[in-house]
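The values are calculated or read from the model by the stated rules, or taken from the named source; none is laboratory data. As the structure is a prediction and not an experimental result, all values here were calculated from the model. A quick note on method: Cβ atoms are made from the backbone with ideal geometry, for glycine too, and the neighbour counts reach across all protein chains shown. These area figures cover heavy atoms from the full protein model, side chains too; ligands, DNA and RNA do not enter into them. Shrake-Rupley method; radii C 1.70, N 1.55, O 1.52, S 1.80 Å.
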Amino acid sequence: MEVDSQEQLQRKQSTYLSLDENFEIQKEVYRGQQYSQIYFARLHMMRTLLYSLVPNWKSHLPVCTVLELEEGKECIIVGTLYKHMKLKPCILDEYSKERSVAPLIKPHNFMHQDDYLVLEDESGRVKLGGTKLSPSVYVTGVVVALHGKETSAGAFFVEDVLEAGLPPQIERPLKSREDKYVVFVSGLSIGSSSSNPLQFQLLVDHITGHLGDEEEQGLAAEIVHLVIVGNSVEISHGLLNGQNLASKDQSRLSEPFKELDILLTQIAASLPLDIMPGSSDPANFALPQQPLNRCLFPGSATYNTFRSCTNPHCFELDSIRFLGTSGQNIDDLTKYSEAKDKLDFLERTLRWRHLAPTAPNTLGCYPFTDRDPFLIDSCPDVYFVGNQEKYETRLLKGLEGQLVRLICIPRFCETGVAVVLNMRNLECHALTFGTQISS
Amino acid sequence: MATTSKNMNVFYRQKKNGTTSTGKKSTKSPSPKHAATFGSEITQPPALVSHGGSLDLKDDFDEQEQVLRQFDMNMAYGPCMGITRLDRWERAQRMGLNPPKEIESLLKGGKVKLESLFDGRV
């Protein structure tokens with residue numbers, strides 16, 4: 001074994017720009033507001049946008065508000081969708097004396113064939129009829145424009161739908177790029193019984209170049225960034241039941257973080273790393289989740305390559321825009337709508353231009369008053385979601401030439417799979433560790 | 001119980017002579033004083049207060065407060081609850097809704113309630 005090779009391999013670098021300012025809530029002051037404010041901000045922004053798109057869609061029809069609807073008059077209305085779901089858990093069910101429709105065992109998906117959609121704006125709401133708008137696809141909180149007419153029953157018969165569509169994408173300069181890789185990993189769940197420390201250590205060793213021969217190390221040197229997409233730790237629920245912890249249990253509480261910090265220090269010493277909070281991490285529950293406190297990472301936080309980020313997370317590497325979440329938004333869509341696969345949900349959120357349309361209805365969200373930070377103004381080049389069952393990816397092409405790489409990142413503790421993206425051509429492949437085989 | 005029309009005045013407090021509420025409905029182009037009502041068809045009805053309670057007309061129902069209440073009620077600027085009037089005005093300004101400047105000067109001038117109509121009541 002050669003001790004010293006002739007030349008040292010240099011890791012490639014890329015310029016990083018954080019765009020998380022929109023998701024930070026340090027400056028927000030809670031004044032007792034309710035969620036009507038964020039819905040108003042969302043409706044106003046999306047409606048202004050849809051009004052500008054309607055002339056290209058159907059310019060001959062008048063646009064009116066819900067209250068201005070007249071029976072038989074064909075027109076276009078814009079508003080927020082509300083889906084009435086029979087099986088959606090409601091706090092009032094606890095108090096109702098009659099037997100409710102919802103079964104005692106909570107289903108994973110709350111859809112029912114009797115679900116119907118309602119369109120709402122500030123003036124009023126109207127029930128939607130017709131087959132064009134499928135309740136199984138849409139969820140509460142999506143803003144759309146609808147073409148149709150009011151029926152004698154008082155419902156609005158939908159003939160056509162206009163979604164906002166993919167947002168405009170900033171043109172990337174077409175310089176000849178070299179191969180630079182970004183690694184995504186999510187669901188490490190350190191501290192849970194299913195996590196295998198060896199698997200993550202193998203990943204760390206591979207990325208930092210401690211594995212393999214020179215060729216392997218050369219490949220590792222082309223990795224410029226690592227993103228940890230949520231659920232890095234899992235603390236057993238027995239410790240979190242509100243009881244005072246005995247001193248021997250207190251160390252059990254901090255062990256997952258110590259283990260994570262040791263591994264993150266190894267990574268941070270080698271390349272820039274972003275860590276996002278997830279549903280099982282010690283961050284706030286409501287979206288947007290704030291960055292994990294640096295005190296949790298005494299070793300790795302000293303490095304300037306270590307960055308604690310919000311969830312959702314938006315950043316640019318060499319002017320390629322990345323946008324992604326730790327999975328709560330897509331998991332909520334899975335509960336309240338259906339699609340062939342998770343990538344369809346990702347695509348829908350892009351077409352609706354909203355990261356988490358079900359927030360704040362069924363997904364916890366901060367009650368912003370003057371903006372909705374989940375609106376997507378500019379189309380990302382890479383759109384990812386973490387903590388999914390399996391690795392899936394697709395290249396989405398928009399009507400105006402947008403090109404987006406959609407990625408579903410699987411849970412590492414269950415699959416041993418990390419995702420590697422080549423920034424030159426937006427191609428993706430899986431990196432599997434251990435004896436598990438990814439699908 | 002039947003009351004003659006003469007006695008109805010006992011139950012309904014008279015509006016002050018100065019305020020005119022009929023002007024808003026008839027004109028298409030509202031005067032600057034009532035610009036806040038543009039777009040809202042709901043006029044502010046006078047409150048029903050029984051005699052015996054103190055009639056603090058100046059504080060609750062002066063001209064300025066009426067105009068501000070119409071601003072609160074106007075749906076175009078979004079919900080009024082849980083947000084101060086000035087914040088709501090500034091938000092409307094940022095969103096490009098062009099709220100009337102008189103409201104801003106009224107709110108910044110002081111001596112008016114900064115909280116919306118429903119504050120503390122809902």
Projected label distance in nm at A:GLU159 and A:ARG294, using a 7 Å step from Cα toward the beta-carbon: 6.0 nm
Plugging the Cβ-Cβ distance of A:LYS397 and A:ASN244 into 1/(1 + (r/R0)^6) at R0 = 56 Å yields, to the nearest 0.05, a FRET efficiency of 0.50
Test of understanding: in a Gaussian network model of chain A with alpha carbons linked when under 10 Å, which of A:ASN387, A:ASN311, A:ASN284 would top the mean-square fluctuation ranking? A:ASN284
DSSP beta bridge pairing in chain A, given as percent antiparallel to the nearest 5: 65 percent
Sort out for me the Cα centre separation of the range A:237-315 from the range A:370-400, rounded to whole Å. 25 Å
Take each complete run of DSSP H in chain A, measure how far its Cα atoms stretch along the helix's own axis, and keep only those covering 24 Å or more with mean Kyte-Doolittle hydropathy at least -0.5; list them. A:36-57, A:247-268
Set Lys and Arg Cβ to +1 and Asp and Glu Cβ to -1, take the dipole of chain A about its Cα centre, and tell me which of A:SER337, A:MET423, A:CYS413 lies farthest positive. A:SER337
Which residue fluctuates the most in chain A, going by a Gaussian network model with Cα springs under 10 Å, if the choices are A:ASP344, A:ASP93, A:ASP281? A:ASP93
If the viscosity is 1.306 mPa s and the temperature 10 °C, what Stokes-Einstein diffusion coefficient in µm²/s follows for the range A:179-322 when Rh is the Kirkwood radius over Cα pairs? 99 µm²/s
Quick one: compute the contact order of chain A, relative version, from alpha carbon pairs under 8 angstrom and 6+ residues apart, as a percent. 20 percent
Considering only the other residues whose Cβ falls under 13 Å of the Cβ of B:CYS80, what net charge follows from Lys and Arg at +1 and Asp and Glu at -1? +2
Residues A:SER279 and A:GLN10, FRET efficiency given R0 of 51 Å [Cβ-Cβ distance, rounded to 0.05]: 0.85
Does the range B:58-107 come out rounded, prolate or oblate, given a ≥ b ≥ c as the square roots of the eigenvalues of its C-alpha gyration tensor, rounded meaning a/c under 1.5 and, failing that, prolate meaning a/b above b/c? prolate
Considering only protein heavy atoms and a 1.4 Å probe, what is the carbon-and-sulfur percentage of the accessible area of the range B:58-107? 53 percent
With 13 Å as the cut-off, how large is the P(r) tail for the range A:142-189, expressed as percent of Cα-Cα pairs? 78 percent
Long-range amide H partners of A:GLY130, meaning residues 5 or more apart or on another chain whose placed amide H is closer than 5 Å, are A:VAL158
Net dipole in debye of the range B:58-107 [+1 Lys, Arg Cβ; -1 Asp, Glu Cβ; about Cα centre; nearest 20]: 320 debye
List the residues of the range A:21-47 whose accessible area drops by at least 30 Å² when all protein chains are present, compared with their chain alone, using a 1.4 Å probe and counting only protein heavy atoms. A:ARG31, A:GLN37, A:PHE40, A:HIS44
Under 13 Å from the Cβ of A:MET45, count the other residues' Cβ atoms, weight Lys and Arg +1, Asp and Glu -1, and hand me the total. +3
Can you tell me the Rg and the Dmax, both Å, for the Cα atoms in chain A? 23.9, 85
Checking A:ARG47, A:ARG177, A:ARG371 against a Gaussian network model of chain A (alpha-carbon springs below 10 Å), the top fluctuating residue turns out to be A:ARG177
Would you work out which of B:GLN93, B:GLY82, B:GLN70 lies farthest towards the positive end of the dipole of the range B:58-107, given +1 charges on the beta-carbon of Lys and Arg and -1 on that of Asp and Glu, about the Cα centre? B:GLN93
By accessible area (1.4 Å), largest first, A:HIS225, A:HIS108 order as A:HIS108, A:HIS225
To the nearest 100 Å², how much accessible surface do chains B and A hide from each other in total, with a 1.4 Å probe? 1100 Å²
About its Cα centre, chain A carries a charge dipole, from +1 on Lys and Arg Cβ atoms and -1 on Asp and Glu Cβ atoms, whose size in debye to the nearest 20 is 960 debye
A:ALA339's amide H: which non-local residues (gap 5+, or another chain) put their own amide H closer than 5 Å, with H modeled 1.01 Å from N in plane and none for Pro or chain starts? none
Leaving ligands, DNA and RNA out of it, rank A:TRP352, A:TRP57 by accessible area with a 1.4 Å probe, largest first. A:TRP57, A:TRP352
Net charge (Lys, Arg +1; Asp, Glu -1) of residues whose beta-carbon lies under 14 Å from that of A:LEU350, A:LEU350 excluded, is +2
Heavy atoms of A:CYS295 accessible to a 1.4 Å probe, total area in Å² rounded to 10: 110 Å²
Which one, A:SER14, A:PHE200, A:TYR383, projects farthest toward the positive side of the charge dipole computed for chain A from Cβ point charges (K/R +1, D/E -1)? A:TYR383
Using the structure shown, list the pairs from A:LYS12/A:LYS397; A:LYS127/A:LYS335; A:LYS83/A:LYS132; A:LYS88/A:LYS390; A:LYS149/A:LYS335 with a Cα-Cα distance above 24 Å, or answer none. A:LYS12/A:LYS397; A:LYS88/A:LYS390; A:LYS149/A:LYS335
To the nearest µm²/s, what D does Stokes-Einstein give for the range A:272-345 at 25 °C and 0.890 mPa s, using the Kirkwood radius over alpha carbon pairs as Rh? 177 µm²/s
Taking a ≥ b ≥ c as the square roots of the eigenvalues of the Cα gyration tensor of the range A:105-197, is the shape rounded (a/c under 1.5), prolate (a/b larger than b/c) or oblate? oblate
For A:LYS73, A:LYS340, A:LYS390, A:LYS258, what's the largest-to-smallest order of accessible area, 1.4 Å probe? A:LYS340, A:LYS258, A:LYS390, A:LYS73
